[in-house]
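Remarks on the structure that follows.
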Amino acid sequence: MEPREQSKEVLFELAWEVCNQVGGIYTVIRSKVPAMVEKWGDDYCLIGPYFPQTAGIEFDAIEDDSIFNKTAKKLQKNGFDVHYGRWLVTGRPRIILLDFSKMMDNVDKLKFDLWENHQISTINAEPLVNSVIAFSHMIEEYLKSFVDDYSKKYSVTAHFHEWMSAIPLINLRKENKDIATVFTTHATMLGRYIAGNVDNFYEHLPSYNWREEAKNYGIEAQAGIEHAAAQKCHVLTTVSDVTAKECEVFFERECDLILPNGLNITRYAATHEFQNLHVKYKQKINQFVMGHFFQSYSWDLDNTLYFFTSGRYEFKNKGYDLTLEALKRLNFKLVKNKVDTNVVMFIITRNPIKSIDPGVLQSRAVMEEIKETCEAIEKQIGEELFYASASNTDHTMPNLNEMVDEYWRLRLRRTIQSWKVNTLPHTVTHLLQGPDDITRFFDESNLKNHEKDRVKFVYHPDFISPTNPLFGMEYGQFVRGCHLGVFPSYYEPWGYTPLECVIRGIPTVTSDLSGFGDFMQQIMEDYESVGVYVVNRKSKSFDEAADQLADQLYQFVIMNRRDRIMQRNRTENFSDIFDWVNLRSYYDTAHDMAKKKRGVKLK
Ligand code: GDU
């Protein structure tokens, strides 16, 4: 096609996780919005699925005469449930949400088309595939209508994330619609499945046959869509060199560009501000720890470190297996060397639960009662003391003991009596639907929060939220209150969780098999000085890697407080590299490249 100049441009960004948090892709898209809006303004529009509950919170329907709304109205007239408005996140971008519930009746016909046109089999696919097919069909109808009406005047670029939004891409390309397309995969389906199930994924990677493996794992539909989108898009991208290697094997195409993940970073004018936040949220975590452990035994919270790991429940891929093994070895080392620092390790993930363990809630409630009683006594003593001191004429010290009335004394005595128990503190905060690899590890290694153990465990099989009665804080605040994030993943295309630590000035462990760890090794040599510890999982066996991690953790524990504060400053200081303001340029390049390939002359 002859390059042609179009006077205006629009960019669509499409994903299943637009206005719908499932995992890390939501973070990519949401945090990138302000930087995208800065460049594109109102010529930028996101498209995602409509779920009434989330939309009720994050979406604001609006009416205007924009071309995005005109297309939405046209589709509505034809019976499609299309919602147009603003996404209520920083940047307030235009957004289209597609309610695909009615479209589910057409899924069989759409599946037939998928087979007929692209030989993608959906036989025995998981239910999510059906939803994705219905959702995708609506995206396709929207984009086709938009392009048919406006592509003479506007250069249209569409950026598709993951297989869940990619079926329209392959259809639009088949029909040679006038649209430039970018496809970003944030992992490969096959990579995620195989890495979670075999021990030597990276060794075997070059020799996998994607079709056979897709069949083996029952993911022919997902892998087929991914493969076709990667083949057909103008520009293929992923989030790291680590995943780019998988793309070559599973998509049979080299990536055109790597788009590293960033965050929307708020820096504080003075460094002590973020340090103060660490202290503030650590005190909140202290309260949880007192409520959780002190019923059984207590220790010096001033000499305690909070470690955590978090993310989706993928025991091997997320490196939970390695983390637990290393902590077992750390515990042994600390006890043997008589180090008196306690480490509390929080494991924050999502696994099917029945409810919060009533015992955990009960001890939390009793501690709250103690706190309230103490505050009431403090207030009473304060008032009485002030009165006694002001009215004192004979220069004697007032008797503090007399200042608390019987009611509060009795209440305090009763609460203290009901406080102490002879059982060990729970390792799991919730009642799980059944035992899992983490609880099995606690049982097998006898790591059960014994008083003599230096490493204690709190497994919280649910994400943290302000409405959660145990922590009552946001995830970001929890991260700030901890001392170290531990994420030595085995399979991790990028890995937001260590980066989320870095931007808050919290040191973190990552691995050289994760996109983030690989990126750090590429951009600087002395990454440990800025608080990024990399476990060499590429070259080390599981046992060697566990030793390396245990060693890194041990060195961190014996570091003195002053050095830890300085390390936090250095960590926070270098985080600017990951600000979307700097990393959006990779996306700009991808969009320009796609337009060029499509045959649009760049202005
Ligand atoms: N999180 C919460 N609350 C919690 C715990 C975690 O909101 O209590 C969030 C974290 O903030 C984080 C997300 O959950 O943003 C988990 O992020 P991951 O990168 O671990 O997520 P996924 O595995 O779901 O993400 C996939 C890849 C990652 C990365 C990401 C974005 O596996 O490696 O590439 O897409 O590209």
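Every read-out reported here was derived from the displayed coordinates using simple, explicitly stated rules and does not represent laboratory data. These numbers were taken from a predicted model, which means no experiment stands behind them. As a convention, Cβ positions derive from the backbone with ideal geometry for all residues, glycine included, and neighbour counts pool all protein chains shown.
Points to keep in mind about this one:
- Candidates per trypsin sites (Lys or Arg not before Pro) in the stretch 360-431, loop by DSSP, up to 14 other Cβ within 10 Å: 420
- Axis of helix 107-118 versus longest Cα principal axis of the chain: the two differ by about 60°, to the nearest ten degrees.
- The angle between the Cα long axis of helix 320-336 and the main principal axis of the chain comes to about 20°, on a 0 to 90 degree scale.
- Cα→Cβ-extended label distance, 7 Å offset, between residue 81 and residue 215, nm: 3.8
- The relative contact order of the stretch 82-143 comes to 31 percent, based on Cα pairs under 8 Å that sit 6 or more residues apart.
- Beta bridges by DSSP in the chain, antiparallel share as percent, to the nearest 5: 20
- Applying 1/(1 + (r/R0)^6) with R0 = 45 Å to the Cβ-Cβ distance of residue 576 and residue 543 gives a FRET efficiency near 0.75.
- Listed peptides 222-233, 337-348 appear in the order 222-233, 337-348 once ranked by packing, highest mean of other Cβ atoms within 10 Å at the front.
- For the stretch 531-584 and the stretch 82-147, distance of Cα centres in Å: 41
- About the Cα centre, charge dipole magnitude for the stretch 16-108 (Lys/Arg +1, Asp/Glu -1 at Cβ), debye: 160
- Length gained on full extension, residue 241 to residue 588, computed as 0.36 nm times the residue gap minus the Cα-Cα distance: 123.0 nm.
- Close amide H pairs (under 5 Å, H built 1.01 Å from N) link residue 343 with 305, 455, 456, residues at least 5 positions away or on another chain.
- Between amide H atoms placed 1.01 Å from N, distances below 5 Å from residue 89 occur with no residue 5 or more places distant or on a separate chain.
- Here the stretch 28-118 carries DSSP beta bridges of which approximately 65% are antiparallel, counting only pairs with both residues inside.
- Couplings for the stretch 561-576, taken from phi via the Karplus curve 6.51 cos²θ - 1.76 cosθ + 1.60 with θ = phi - 60°, read 4, 4, 5, 5, 5, 5, 4, 4, 4, 5, 4, 5, 5, 9, 5, 3 Hz in order; Gly and Pro are left as x.
- With each label modelled as a point 7 angstrom along the Cα→C-beta vector, the residue 174-residue 116 pair spans 0.9 nm.
- Cross-link pairs beyond the 29 Å C-alpha cut-off, checked among 280/336; 174/245; 39/153; 39/245; 452/540; 8/32: 280/336; 39/245; 452/540
- Cβ-Cβ distance of residue 350 and residue 92, R₀ of 35 Å, FRET efficiency by 1/(1 + (r/R0)^6): the value works out to about 0.75.
- Ranking 289, 239, 319 by how far each Cα lies toward the positive end of the dipole of the chain (charges on Cβ) leaves 239 at the top.
- Folded to 0 to 90 degrees: helix 406-419 orientation relative to the chain principal axis, Cα: 60
- One decimal place: the segment residue 313-residue 569 gains 89.0 nm when fully extended, by the rule 0.36 nm per residue minus the C-alpha distance.
- Extension gain, residue 148 back to residue 419 (0.36 nm per residue minus Cα-Cα distance, nm): 90.5 nm
- Antiparallel content of DSSP bridges confined to the stretch 79-228, in %, to 5: 55
- FRET E, pair residue 378, residue 526, Förster distance 35 Å, beta-carbon r, rounded to 0.05: 0.10
- The modelled label-to-label distance between residue 200 and residue 51, using points 7 Å beyond Cα along the C-beta direction, is 4.0 nm.
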